[in-house]
Amino acid sequence: MARKTLSVETVAEGYLALLAERGVEYLFANAGTDFAPIVEAYARAAQSGLNLPKPLIATHENVAASMAHGYAVASGKVPAVMVHVSVGTANALCAAWNASRENVPILFTAGRSPLTEEGMVGARDTYIHWAQEMFDQGGMIREAVKWDYELRNGTQLETVVDRALQVATSSPAGPIYLTLPREVLAEPMPGMSCFSPGRRVAASPPGPDFDAIDAAGALLANAENPLVITASAGRDPEAVKALADFALRFAVPVIEHRHRHLNLPADHPCHLGYDPGELLESADAIVVVESDVPWIPSRQNPPADCKVIHVGIDPLFSRYPIRGFPADVAITGRPSVALARLGAAWASRASATTIESRRRRVAERRESQQAAWRKLREGAATQQPLSPVHVSACLAEARHPDSAIVNEYTLLPQHCPSTRPGSFFGSSPAAGLGWGAGAALGVKLAQPDRQVIAVLGDGSYIFSNPVAVHHAAAMHKLPVLFIVVNNAMWGAVRRATLGMYPQGDAAKSNKPPFIDLDELPAFDKVCEAAGGYGERVEDPAELPAALKRALKAVDGGQQALLNVICQGGGGG
Ligand SMILES: Cc1ncc(C[n+]2csc(CCOP(=O)(O)OP(=O)(O)O)c2C)c(N)n1
């Protein structure tokens, strides 16, 4: 077996060189006193030419980790993140939850307060080194990661790094957490030898069980009105084609519910939108593909005798404490493989006449759905303050067909359809706000030739730590267009309150608390302050031209932000 010698001098250098050796391209970081050996390692590598992951500063941990998230989903590669001990981990927790619930593999690392009070290289040398230490630093983040560990010495380095990467990337993928004490990083390591290529590969994903596939095929063969609901099948680009073939072959309508990836091109003849709606009520079989919440049971349910089949890498979402959707068959496996096999099991029992009559019904439904959406757009085009419908519709016209959209809530996909795999990324179901702007920077880093557009609410934008985001965009030359759909409120809180208490006092009040955001700053100026292009848009007729100007800036290498003054209430 081939071994390679890396000419390093410390564990910190060995650690970083090994990451690069294993294909980690970037270290997204927010530094502190724990970073001294890391900073020193990079400075030495600049002279020795040792290959290390490219270091990228983000001036808030949430930005660093959200950038890593966006980079991971757009590149398919594993990023490393490093934050400052206990406090940096605390700031990054929200982003770790987002990555965890969306199965994004991230090598999440943090320093430790120096362990020793004196006597070792790296021992405590400032007052914070006492108070920042925790009994169980990993405990803070343990529920969000698949595995956590502390690097205790240089001898174990290759095993620890390889195991971290193996666990993060094996299905279901997710972040792991590794702590790196300062004294350990500072230990001398005169040369390091490692396997090249590495010898600890990720485990293969589970294959679908033939009996389960057969049972599901039999259920589908008896169905007149089957339905597919998915959120994240398209995490694996191969599954997009498998789902497109499956839907077309059997004329099954597909709903992308709260989708995080492009799962089925929006122009596919079986794409029937983003809400199960009436289809759910008439369904007699549902295939739930990588969808944690296929419908909201307190609002609507399929008929009691409707058969429900779940397909996914972890089809029961076993890390969710409670999730009680009916499951007549649950197939563990990659959707790309499982759907192809399910298709074969169904085909042997399918009736061509049933399929063809369904095809006609699906086509009619799609046509009337598209007509209704068109009408909504026409009605919204002149509304002032602007309607989110109009914002989405204008973006559909202005975007490059191959652009990638990062959506933190406020894009309405029915009015801005995406058709190419990898062209849409939605926020994690953990919904830790402040993800979208940083994630868009990560997508741009992974795909520098792609036009990248982040669509954010004013609330989501503020949570993203805007100054740190625009600084990262400028510093790392990541020109992204940020569109802030600014309704000057936390509309989600308003909708939740009116939903629970439709006749309540809050509904009658002009200004219930915790909803309106008065005196918001001029977001466009925040972007301008970082050297970007900023514009405030209040007139619906002006939006197409404003989008053109902003995208021209972005295509020319400058970040841009449109602060679009919108009506409250969202939706449509
Ligand atoms: C970290 C975090 N804090 C609070 C929330 C609760 N929350 C959910 S949506 C929302 C408001 C979002 O506002 P905005 O982005 O403007 O979108 P709008 O609801 O107005 O459409 C809040 C505060 C959350 N999801 N995440």
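Quick one: Cα centre-to-centre distance for region 533-572 and region 153-215, in angstrom?
Each part reduced to its Cα centre gives a spacing of 43 Å.
Could you report the accessible area of residue 60 in Å², rounded to 10, computed with a 1.4 Å probe on the protein chains as they sit in the structure?
40
What is the sum of charges, Lys and Arg at +1 and Asp and Glu at -1, for the other residues whose Cβ falls under 15 Å from the Cβ of residue 34?
Cβ neighbours under 15 Å give a net charge of -4.
In Å, what Rg and Dmax follow from the Cα atoms of region 373-458?
13.2, 38
Would you mind working out the accessible area per residue for region 1-103, using a 1.4 Å probe, and quoting it in Å²?
That works out to 34 Å² for each residue.
Just how far, in whole angstrom, is region 109-151 from region 444-503 if you go by their alpha carbon centroids?
33
Go ahead and run the numbers for FRET between residue 201 and residue 7, Cβ-Cβ distance against an R0 of 35 Å, rounding to 0.05.
It comes to 0.85.
Take the Cβ-Cβ distance between residue 384 and residue 301 as r, set R0 to 35 Å, and report the resulting FRET efficiency rounded to the nearest 0.05.
FRET efficiency, residue 384 to residue 301: 0.35.
Could you give the length gained on full extension between residue 130 and residue 327, defined as 0.36 nm per residue of separation minus the Cα-Cα distance, in nm?
Length gained between residue 130 and residue 327: 65.8 nm.
P(r) tail for region 205-266, what percent of Cα pairs lie past 14 Å?
Cα-Cα pairs in region 205-266 separated by more than 14 Å: 62 percent.
Per residue of region 174-185, in order, report the coupling 6.51 cos²θ - 1.76 cosθ + 1.60 (Karplus, θ = phi - 60°) as ³J(HN,Hα) in whole Hz, putting x for Gly and Pro.
Along region 174-185, the couplings run x, x, 10, 10, 10, 9, 10, x, 5, 5, 5, 4 Hz.
With charges only on Cβ, +1 for K and R and -1 for D and E, what is the dipole size of the chain about its Cα centre, in debye, rounded to 20?
Rounded to the nearest 20 debye, it is 1080 debye.
Helix-only estimate, please: 222 nm mean residue ellipticity of the chain, summing -39500 (n - 2.57) across DSSP H runs of length 4 or more and dividing by its residues, to the nearest 500.
It lands at -12000 deg cm²/dmol.
With every protein chain kept in place and ligands, DNA and RNA left out, what is the accessible area per residue of region 524-572? Probe 1.4 Å, answer in Å².
43
Give the share of C-alpha pairs in each 5 angstrom bin for region 279-378, from 0 to the last occupied bin, in whole percents, shortest bins first.
It works out to 2, 10, 15, 18, 20, 17, 10, 6, 1, 0, in whole percents.
Taking the dipole about the Cα centre of the chain, with the C-beta of Lys and Arg at +1 and of Asp and Glu at -1, give me whichever of 347, 387, 254 is farthest to the positive side.
The one lying farthest along the dipole's positive direction is 347.
In the chain, if the dipole is taken from +1 on Lys/Arg beta carbons and -1 on Asp/Glu beta carbons about the Cα centre, which of 533, 181, 95 is farthest to the positive end?
So the residue we want is 533.
With only Lys, Arg, Asp and Glu charged, each at its Cβ (+1 for the first two, -1 for the last two), find how big the charge dipole of region 494-560 is about the Cα centre; round to the nearest 20 debye.
220
Restricting the calculation to Cα positions, tell me the Rg (one decimal) and the Dmax (whole number) of region 143-300 in Å.
22.2, 69
Please report, as a whole percent, how much of the solvent-accessible surface of the chain comes from carbon and sulfur atoms (probe radius 1.4 Å).
Looking at the chain in its full context, I get 54 percent from C and S.
Can you give the three extents of the C-alpha atoms in the chain along their principal axes, from longest to shortest, in whole Å?
So the extents along the principal axes, rounded to whole Å, are 77, 59, 47.
Express in nm, to one decimal, how much length is gained between residue 511 and residue 54 on full extension, taking 0.36 nm for each residue of separation and deducting their alpha carbon distance.
Separation in residues times 0.36 nm, less the Cα-Cα distance, equals 159.6 nm.
Among 123, 229, 476, which residue has its Cα positioned farthest towards the positive end of the charge dipole of the chain, with +1 placed on the Cβ of Lys and Arg, -1 on the Cβ of Asp and Glu, and the dipole taken about the Cα centre?
It is 229.
Given 5 Å bins starting at zero, what is the percent of C-alpha pairs of region 353-413 in each, up to the one with the largest pair distance?
All Cα pairs considered, the percentages come to 4, 15, 18, 18, 16, 12, 9, 6, 2, 1.
If all Cα-Cα distances of region 317-357 are sorted into 10 Å bins from 0 onward, what percent lands in each bin, rounded to whole numbers?
It works out to 21, 36, 30, 12, 1, in whole percents.
Viscosity 1.567 mPa s, temperature 4 °C: what is the translational diffusion coefficient of region 46-100 from Stokes-Einstein with a Kirkwood Rh over Cα pairs, rounded to a whole number of µm²/s?
106
So how strong a dipole does region 351-455 carry about its Cα centre when Lys and Arg Cβ are +1 and Asp and Glu Cβ are -1, to the nearest 20 debye?
Using Cβ point charges on Lys, Arg, Asp and Glu, region 351-455 gives about 380 debye.
The values are calculated or read from the model by the stated rules, or taken from the named source; none is laboratory data. In this text, all values refer to a predicted model and were calculated from it rather than measured experimentally. So basically every Cβ, Gly included, is an ideal-geometry build from the backbone, and we count neighbours across all protein chains shown. Protein only, heavy atoms only, side chains kept; ligands, DNA and RNA dropped before computing areas. Shrake-Rupley method; radii C 1.70, N 1.55, O 1.52, S 1.80 Å.
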